[in-house]
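The values are calculated or read from the model by the stated rules, or taken from the named source; none is laboratory data. Every value quoted in this text rests on a predicted model; they were computed, and no experiment measured them. Don't worry about glycine lacking a Cβ; one is built from the backbone with ideal geometry, like all the others, and counts go over all protein chains shown. Heavy atoms of the whole protein, side chains included, go into the accessibility calculation; ligands, DNA and RNA do not. Shrake-Rupley method; radii C 1.70, N 1.55, O 1.52, S 1.80 Å.
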Amino acid sequence: MVEITTPPPKIRWAVFAALALLALAVRLPQLGERPMHTDEAINGYITGELLAGQSFHYDPRDRHGPALFLLVEPVVRLCGAKNFSELTERELRLSTALTGAATVLLFGAGVEMFGFIACFLAALLFAVAPLPVYYSRYFIHESLFVFATFGLILSGWRAQQKKSVALAALAGFFAALMLAGKETTVLHFFALLLAAVGVRLWSVRLRSRAATAPQIVRQDNCLLPTHPRLPKMILAASAAFVFTFILLFTWFGRNWQALADLFHAAVNFTARAGGQGHEKPFWYYAKLLCDGWSGTAVLLLTAIGMISIIRQFLGRPKLHPLAPRIFLAVYALAIFAIYSAIPYKTPWLALNFWLAIALLAGIALEWIWFATKKISVRAAILVFLAGLGILLAHDTRERVFKNPADETNPYAYAHTTEDILGLPARIAEAARAQNLAQPRIAVIARDAWPLPWYLRNFSNVGYWQPEQTPGPADFFITTTDVPDALAKRLKDFRPDFFGVRPNVLLILWTPPKTVSQHE
């Protein structure tokens, strides 16, 4: 069996701190330039309500929990934002960029579980690969959810290994943070349970081999017999989970209705799992992950990592205690199968796979490297890594920085187009032409988002459904299917068309006086 030396803690944490800084450096440039996706705009509006002194109110119909806003509120306040109109894209996205970098740092805590080399390579991959970089720059819940998931895995494993009540409580905290992030937590709990069952089956296998290979049992003995402190650990984890869950969902005791609303969310999200316009085939995520110059190479490494774990399970020499890697492999297969089987699919959900993908790729490279001592083979591995780095850099540049909102970018799903950025400027220009200090703007649309974000600097904006009659206004914004009654009111107005999403247009109607002055 090959022994791999783990650096001393100070050196190890210095290495992973450097990788976290690299991840942050990759995530920060041009952070505010991509248009705000509708989901980001909604989350920004909720953040604005919190800045105005309102409490977080959980909406079980089409929203998620409070964890993201618990993170972003202090960040935007430190940046100087005092209300919704003062918020910027960069300030909001900074919170998730920081979370992405913190996730890279967490790989340093996974060294005891997965090994130094595997975690180092996984952290490097997570720091620079296009998909985790792209969605770490999105002001949505996924980045924080992945961070909490990794925290639960690491703290739960260490608690079981060290028989620590404190670490068990920490695991309960991370589990509650996951649920406060997204309701799909229950899917991950199920996958983690399956992974734990897989490890338990492995422990039975270890017992059967104890007579011929007792050192293996000693190496993985954290998974064998139960411990007298187990009841206290379970109690601590449960207490931390319940306390954190109640504290966050009630927004520190200000909204107890949220606990009842959460039960209604189960029905709504079960219905949403059927698709609701976002139906995709089973292989959607596999195709998404293979896309790009680097995608196939990374998934190939992931498959090799999985094969290496299976080979070790069947009795081949191993580089690291195997039980954690069995846990990882079962969890990866389970969560990928669950998300692929659900008809509802969006590309940002693929970020949930990246913890396993990065670690399995790291395990693969470690396994390949130590499988041979031939200089030529190791030189070829180094050449492959250099080539993979170039491919990753290319894809990250194209997807994250060059074409972040382009229709051809598979990560930019139903994304707001850059054309909408000209709408506020056009209204401001027309308002100045008419000496309107506070123009009245009427928006008539079934779904007005992300307009509340882009019109946040105008103080007199109203929103109506198409069947409603809007009040008097200086400017009107409608979809292309203008109701007949409203069309008569707008017959002398000038229409300007703005793309809001692919195949979705909005019309800005400017009044006759503005037309005469511009023509």
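Annotations for the structure displayed:
- Sorting Leu106, Leu21, Leu328 on solvent-accessible area from highest to lowest, probe radius 1.4 Å, gives Leu21, Leu106, Leu328.
- Accessible area in the full protein assembly, largest first, 1.4 Å probe, for Asp406, Asp395, Asp481: Asp481, Asp406, Asp395
- Note on the stretch 414-519: Cα Rg divided by 2.2 N^0.38 Å, N the number of residues, gives 0.99.
- The chain, helix-only ellipticity at 222 nm - DSSP H runs n ≥ 4, -39,500 (n - 2.57), divided by all residues, nearest 500: -19000 deg cm²/dmol
- The listed residues Lys163, Lys345, once ranked by accessible area (1.4 Å probe) with the largest placed first, stand as Lys163, Lys345.
- The alpha carbons of the stretch 390-446 occupy a box of 54, 26, 13 Å along the principal axes, longest dimension given first.
- For the stretch 40-52, Karplus couplings with θ = phi - 60° (6.51, -1.76, 1.60), whole Hz, Gly/Pro x: 5, 4, 5, 5, x, 5, 4, 4, x, 4, 5, 5, 7
- Straight-line cross-link reach from Lys10 at under 24 Å between alpha-carbon atoms covers these lysines, not counting any fewer than eight positions away in the same chain: Lys162.
- Counting only heavy atoms of the protein chains and using a 1.4 Å probe, His64 has close to 40 Å² of accessible surface.
- Taking the convex hull of Cα positions in the stretch 344-384, its mean projected area over all directions (nm²): 3.7
- Nearest 10 degrees, 0 to 90: helix 67-78 Cα axis against the chain principal axis: 70
- Taken one residue at a time, the phi angles of the stretch 168-185 give Karplus couplings (6.51, -1.76, 1.60, θ = phi - 60°) of 5, 5, 5, 4, x, 4, 5, 5, 5, 5, 4, 5, 6, x, 8, 6, 5, 3 Hz. Gly and Pro are set to x.
- Dividing the mean sequence gap of close Cα pairs (under 8 Å, 6+ apart) by how many residues the chain holds gives a relative contact order of 18 percent.
- Take the Kirkwood radius over Cα pairs of the stretch 380-475, plug it into Stokes-Einstein at 10 °C and 1.306 mPa s, and you get 94 µm²/s for translational diffusion.
- Integer Hz, Karplus 6.51/-1.76/1.60 couplings in order for the stretch 81-86, x for Gly and Pro: 6, 10, 7, 4, 5, 8
- Charge-dipole axis of the chain as Lys and Arg at +1 and Asp and Glu at -1 on Cβ define it, positive-most pick from Pro511, Ala487, Phe336: Phe336
- Ratio of Rg to Rh for the chain: 1.03 [Cα atoms; Kirkwood radius as inverse mean 1/r over pairs].
- Bins of 10 Å from zero: percent of alpha-carbon pairs in the stretch 327-449: 9, 21, 24, 19, 12, 8, 4, 1
- Among the GluC sites (Glu not before Pro) within the stretch 1-107, those in coil by DSSP and having at most 14 neighbouring Cβ atoms inside 10 Å are Glu3, Glu33.
- With the charge dipole of the chain set up from +1 on Lys and Arg Cβ and -1 on Asp and Glu Cβ about the Cα centre, the Cα lying farthest toward the positive end among the listed residues Val133, Leu301, Leu247 is that of Leu301.
- Among Asn403, Ile441, Thr417 the positive-end extreme of the charge dipole of the stretch 397-442 (Cβ point charges): Ile441
- Value of D in µm² per second that Stokes-Einstein yields for the stretch 457-515, Kirkwood Rh from Cα pairs, at 4 °C (1.567 mPa s): 105
- Diffusion constant of the stretch 1-59 at 25 °C, which comes from Stokes-Einstein with the Kirkwood Cα-pair radius and 0.890 mPa s, µm²/s: 155
- Reciprocal of mean inverse Cα separation for the stretch 350-409 (Kirkwood radius, Å): 13.7
- Size of electric dipole in the chain: Cβ of Lys, Arg +1 and of Asp, Glu -1, about Cα centre, debye, nearest 20: 2220
- Ordering of 255-264, 107-116 by burial proxy (mean other Cβ atoms within 10 Å per residue, highest first): 107-116, 255-264
- The loop-placed trypsin sites (Lys or Arg not before Pro) in the stretch 406-515, going by DSSP, that have at most 12 neighbouring Cβ atoms within 10 Å of their Cβ come out as Arg446, Lys491.
- C-alpha long axis of helix 142-162 to longest principal axis of the chain, angle in °: 20
- Mean-position separation - Cα centroids, the stretch 23-80 and the stretch 367-420, in angstrom: 28
- Based on C-alpha pairs under 8 angstrom that are at least 6 apart in sequence, the stretch 446-519 has a relative contact order of 27 percent.
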